[in-house]
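Novice: Structure below; questions to follow.
The values are calculated or read from the model by the stated rules, or taken from the named source; none is laboratory data. Because the structure is predicted, anything quoted here is derived from the model rather than measured. Surface accessibility is based on the protein's heavy atoms, side chains included, excluding ligands, DNA and RNA. Shrake-Rupley method; radii C 1.70, N 1.55, O 1.52, S 1.80 Å.
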Amino acid sequence: QGVTYQGIVIDDDVWIGSKATILDGVKIGRGAVVGAGAVVTQSIPPYSVAVGVPARVIDCRTDLSPNRERHE
């Protein structure tokens, strides 16, 4: 059958929750957050929050709407 490996790329400042699974060929963008137990099957854009099985993006950390505070 043959086996191919694409590799996983995890950029800087990424938070990955415990027991998260990241499949081959996925890139997780800078500043992204992956929830605990998530199964990441597709690449995650920078500064996104992804959760679930399969993981999906539910929020963007750069959104600064009037009701959100910026903590730096």
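Novice: Run the numbers for Lys19 and Tyr47: contour at 0.36 nm per residue of separation, minus the present Cα-Cα distance, in nm.
Specialist: Details: separation 28, 0.36 × 28 = 10.08 nm, distance 2.05 nm.
Going from the current span to full extension adds 8.0 nm.
Novice: Gain in length, Ile10 to Arg30, computed as 0.36 nm per residue apart minus the alpha-carbon separation, to one decimal in nm?
Specialist: 6.4 nm
Novice: Continuing with the same structure: Report, for the chain, the % of DSSP beta bridges that are antiparallel, rounded to 5.
Specialist: About 30 percent, rounded to the nearest 5.
Novice: Now for a different question. To the nearest 10 square angstrom, what accessible area does Val53 show with a 1.4 Å probe?
Specialist: Its accessible surface works out to 110 Å², give or take rounding.
Novice: May I ask you to derive the relative contact order of the chain, considering only C-alpha pairs under 8 Å and at least 6 residues apart, and to give it as an integer percent?
Specialist: 22
Novice: Under the rule of at least 5 residues apart or a separate chain, name every residue whose amide H is placed under 5 Å from the amide H of Ile44.
Specialist: Close amide H contacts, sequence-distant or interchain: Lys27, Ile28, Gly29.
Novice: Same structure, new question: Could you compute how fast the chain diffuses translationally, taking Rh as the Kirkwood radius over C-alpha pairs and applying Stokes-Einstein at 10 °C with viscosity 1.306 mPa s? Give it in µm² per second.
Specialist: Rounded to a whole number, D works out at 124 µm²/s.
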